[in-house]
Every structure is written in C-alpha cells, then in structure tokens.
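Okay, so here's the structure we're looking at.
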Protein chains: 2
Amino acid sequence: MTFGLFLPEEARDGPVPVLWFLSGLTCTHENAMVKGGAQAFAAEHGLALAFPDTSPRGEGVADDPAFDLGQGAGFYVNATEAPWSPHFRMWDYVAHELPTLVTRNFEIDEERQAITGHSMGGHGALTLAMGLPGRFRSVSAFAPICNPVASDWGRKQFTAYLGTDESAWSGHDASVLMAKRGFDGPMLVDTGTKDQFWDLLRTEALVAAIAARRQEAVVRLQPGYDHSYFFISTFMGEHVAFHAEALYR
Amino acid sequence: MTFGLFLPEEARDGPVPVLWFLSGLTCTHENAMVKGGAQAFAAEHGLALAFPDTSPRGEGVADDPAFDLGQGAGFYVNATEAPWSPHFRMWDYVAHELPTLVTRNFEIDEERQAITGHSMGGHGALTLAMGLPGRFRSVSAFAPICNPVASDWGRKQFTAYLGTDESAWSGHDASVLMAKRGFDGPMLVDTGTKDQFWDLLRTEALVAAIAARRQEAVVRLQPGYDHSYFFISTFMGEHVAFHAEALYR
C-alpha cells in the first residue's frame, strides 16, 4: 500500500495533529496530494496531512472492469464476499493499520486527529468519524456520498463487498449513522449545486438526519460548483482551517 | 489547439490584465491548471490566466518517441525543418494567434499582459518577453531552461526544429537574449537547489548575463526544492503577486 504524508515544520520539534484525506472513486493517494492544494494551508496551521490510497492494488488483487468497483473503489469497508475478502479491508487499513504505522514512525499526535474526504472518500470520512467515537475531533467532507444504501453509488458495491444482507450495510451509511448516533464534534460538508453526480450523493438524506439529530454541523451547498478538484481546491483552505480550530482547541 | 483560460469576477465588468503560463516538457494546457494552484491567487488579484498547450497535436502532426521532442515539446519556436515545419509554429501561436483570439473573445486587456512558465515554459516565457519588446510588463519563470544553445535540453530540439545553422537559434536562448538586449521591466526567477535537472537548466548562464546587464531582476535559488509542481505551487502565490504589482501599477 502506498500513501502520502505531509509534515509541517513543527513536526521537527514534536508530535503534530493530523488531518486524514480520503479520496474518491478512481483516485490513488496521489490525486489529492497533487490537485487538492491542502499542503500550503496545513503548513500555515501546523498540521500533518495523510493521504491513503482508495483500495488494495497489485498482482493477485481482485478487480472489476467498472470504474466504481474493485481497485480504486474500496468504499472503506472490510469485504466479506469473494473475490474481494482477501484484500479489500479498507476500513481496517484506514481505521487501524495506517494510523498505527504513521503514529509510530512519524511525529504525529494520535490524540489529535481529524478526517475529511471527497465523494466516496467523503462517505469514508463521515462513516469512520461516526463509527470510531472519540477518534476524530472534527469531520468534514467535499461532495460526500451520503446515503449509499439507497444509491447506485453504494448498493452495487455493498452487495459485492458485503453481500445481499442489507443489515451488514448500515454501519457504512452516513445518513443511517447520523440518525442512530451522530458525531461528537463539529462537522462541515460542502457540495456544489451543479454537482454532476448530485442524484447519486443523496445529500438530502444526510441533511435531514443532521437536522433531526440537531447535530453540530455546517452544510453548504455551493452555487455553481461541480464534483471536480477545482471545487475541492477552492474550499480546501476553509476545511483545513475548520479542522485546525478543532485540533488546536 | 486546446487552451485553458481563467477569468476573475472582475472580467464581468470589463477587461482585466492577463498572466500567461507556459508549461514544460510532456505537459498539455491542463497540468498547470490542475496542479499549479494559480487560480485562487489570480482571483484575489483580479487577473486572468491563460494556459496554452506546449505543441500542436492530433492526426497528421509529426511526433517523436522521445519525451523531449515533438508533441509536448514544442520549445516555443517556429520550426523550419521537416517534418516539423507544417505544424510546429509555437512561437507564432503563443505570440500572435492565441493572444488575438483571447483578447477578441474575452474581457482581456491586451495592454496589460505578463508571462511566466515552468522549465521549457520558463524558457518560452523569458524568450517571448525579451523577443517581443513592449508586449509584457513583467516576466517570471520557475526552473527555466536558461541556455538551451549549450544544453541537451535545447541543442537536440533546435537542430531538429531550426536546423544545424546555430545562428537561427540565438533568438531562442534566454541567456543570449539577456546579453544582447535584456527585458524592459521586472523579472523573477525561482529554481530549486535540488532540481534534478539542474545541469540541463544552466541557470548560471542566465544569472551571469543578468548581472552583466544590471537587469532589474530577482533570482532565487530555493533550498531543497526540486523540479516538480510541488515546487511551482509553493511559490505560485508570490509569482502571481509579483505580476499583479506590475500589471496594476
């Protein structure tokens, strides 16, 4: 597994907080590193940035010709079904393996972590934040997949990775998790009003659940923006500042 | 030919100044758009950004298997030699055709233009700025090829595009042009001390010519930086601010 890590100058003197960025469909660890523009803001705020890949890769790793299943499309779950279960354990990788590795090998403060992501990675950020209470001080997302159990970006993948018993899916749906338990900290979600995948995201389900729970949250529908990295890089500075405030509180 | 154009909000109300960004070997118009991070700074300063491609492309256009000749490697010259001469007229494209097109079709002020670029595009920016006196108010470059007539990034390409008579090359060498005529305005050059192509850039030739002419210029050798877009995006804000000062003076 390949990942990206940005360390600010402050890491020379001791552990720094870390913001995780989970990427979307088709991405590797590299897309956000190269196109997200987060590093300058992280340097300003003294944050580390960690960029995991979106799936296992390589010889002997299952794949599918579709862009939204298999390599590049791990959906941040532990697959239980063939042929995926031997390698597709992205929940464990992002929740446990990689955090252990980076906090042991770099000046990262495991007590001060935050998480964000884009699209499928926004789904990952929201579900990990709610699924690991106490782990992350803040969570944000760019155009997240909000309700995969009711979307073609979700049903197909969860059926493949987790099987047809839908009760196994609910721990991986941000809207369901929000209705059940919410997040103990601040939340920021940005989605563009011209997002070309709007119908697949089901932002409306998450917003309804946030409102029903009275979750501390800011949800912004940004006029004119689409699903691209131009959208992400435009608001990256505000997301990094949002997390910095929570991490340095 | 495909190009990128960023217009700031001010362009709704009338013509705005423009900063041209010329890209390096292997790039299209898209690399700097996606990875350079210039748009946010251009929006702050009210500048348009224009991103030309680095060569002609498509069916019937000559090419070479090497990454540094043919498509993606136009070197901003008008080729006179076969098989390049029918299409490889990048000097005319960037100096005349594209400026005419964008100033006629968009709210761009042709009296307020500046130019920058990276590597081969830094070579293009410097040679166009000195070769078209009065056109550009300011010029900058990131890790420019400074002395192509004496470099393997230059001699091979000029031989192919312009022929073996080296007298045809001198109008396309920033160090030669600096020695002959210089630039009537401010100049900014950034190059990383860990640039992996250091020997090919021949920064020392340009610096010597700048000093001999007493050219108004800032040349910065940035410790630890390499030739990548991480280097470019790190200093992009300062380059855009440098040009904005010249364009709004």
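The values are calculated or read from the model by the stated rules, or taken from the named source; none is laboratory data. For clarity, every value in this text was computed on a predicted model and none was experimentally measured. Cβ sites come from the backbone with ideal geometry, for glycine too, and all protein chains shown count toward neighbours. Ligands, DNA and RNA are excluded from the accessible area calculation, which covers all protein heavy atoms including side chains. Shrake-Rupley method; radii C 1.70, N 1.55, O 1.52, S 1.80 Å.
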The listed residue being at pLDDT 95 or above and surrounded by 21 or more Cβ atoms within 10 Å (Cβ to Cβ), out of B:PHE21, B:PHE41, B:PHE106: B:PHE21
Residue count for the range A:108-137, restricted to those that are touching a Leu at 6+ places or on another chain (Cβ under 7 Å) and either closer than 16 Å to A:LEU19 by Cβ or without any contact (Cβ under 8 Å) to a residue 12 or more places away in the chain (or both): 9
Residue check for B:GLN196: assigned to a loop (DSSP other than H, G, I, E, B), under 20 Å from B:PRO148 (Cβ atoms), away from chain A (no Cβ under 14 Å) and out of contact with any helix residue (DSSP H, G or I) (no Cβ under 8 Å at 6 or more places or on another chain): yes
Unique residue being within 14 Å of chain A (Cβ to nearest Cβ) and either under 23 Å from B:VAL16 (Cα atoms) or in contact with a Lys or Arg (Cβ under 7 Å, 6 or more places away or on another chain) (or both) when the list is B:ALA48, B:ALA38: B:ALA38
Candidate set: the range B:155-179, residues that are without any contact (Cβ under 8 Å) to a residue 24 or more places away in the chain and of a type outside the set (Asp, Glu); chosen: the one farthest from B:ALA38 (Cα to Cα): B:THR164
Any hit, the range B:78-97, residues being of a type in the set (Lys, Arg), on the phi < 0 side of the Ramachandran plot and more than 14 Å from every other protein chain (Cβ to nearest Cβ): yes
Close pairs from the range B:225-242: first more than 12 Å from B:SER140 (Cβ to Cβ), partner among the polar types (S, T, N, Q) and assigned to a helix (DSSP H, G or I), Cβ under 9 Å, at least 6 apart: B:TYR225/B:THR234; B:TYR229/B:ASN31; B:PHE230/A:GLN39; B:SER233/A:GLN39; B:THR234/A:GLN39
Output for the range B:78-119, where each listed residue is out of contact with any strand residue (DSSP E or B) (no Cβ under 9 Å at 6 or more places or on another chain), part of a loop (DSSP other than H, G, I, E, B) and small (Gly, Ala, Ser): B:ALA82
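Go through the range B:213-233 and give me each residue that's of a type in the set (S, T, N, Q) and away from chain A (no Cβ under 14 Å). Explain how you work it out, then say what you get.
Initially, the range B:213-233 is screened for residues of a type in the set (S, T, N, Q), giving B:215, B:222, B:228, B:233.
B:GLN215, B:GLN222, listed by residue number.
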For B:ASP53: the one exception among (1) surrounded by fewer than 20 Cβ atoms within 10 Å (Cβ to Cβ); (2) among the charged types (D, E, K, R); (3) away from chain A (no Cβ under 13 Å): (1)
Selected residue [among the aliphatic types (A, V, I, L, M) and under 20 Å from A:LYS180 (Cα atoms)] from A:LEU162, A:LEU126, A:LEU101: A:LEU126
Subset of the range A:201-212 [charged (D, E, K, R) and either within 13 Å of another protein chain (Cβ to nearest Cβ) or part of a helix (DSSP H, G or I) (or both)]: A:GLU204
Enumeration of residues in the range A:236-245 that are under 22 Å from B:MET33 (Cα atoms), open to solvent by 20 Å² or more (accessible area, probe 1.4 Å) and either away from chain B (no Cβ under 13 Å) or not charged (D, E, K, R) (or both): none
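So which residues in the range A:161-174 are part of a helix (DSSP H, G or I) and either surrounded by 23 or more Cβ atoms within 10 Å (Cβ to Cβ) or among the charged types (D, E, K, R) (or both)?
A:TYR161, A:GLU166, A:HIS172, A:ALA174 - these are the residues of the range A:161-174 that are part of a helix (DSSP H, G or I) and either surrounded by 23 or more Cβ atoms within 10 Å (Cβ to Cβ) or among the charged types (D, E, K, R) (or both).
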Meets criteria (more than 29 Å from A:GLN157 (Cβ to Cβ) and of a type outside the set (A, V, I, L, M, F, W, C)) for A:THR116: no
Hits in the range B:120-159 (condition: within 17 Å of B:ASN78 (Cβ to Cβ), outside any loop (DSSP other than H, G, I, E, B) and open to solvent by 20 Å² or more (accessible area, probe 1.4 Å)): B:GLY131, B:VAL149, B:THR159
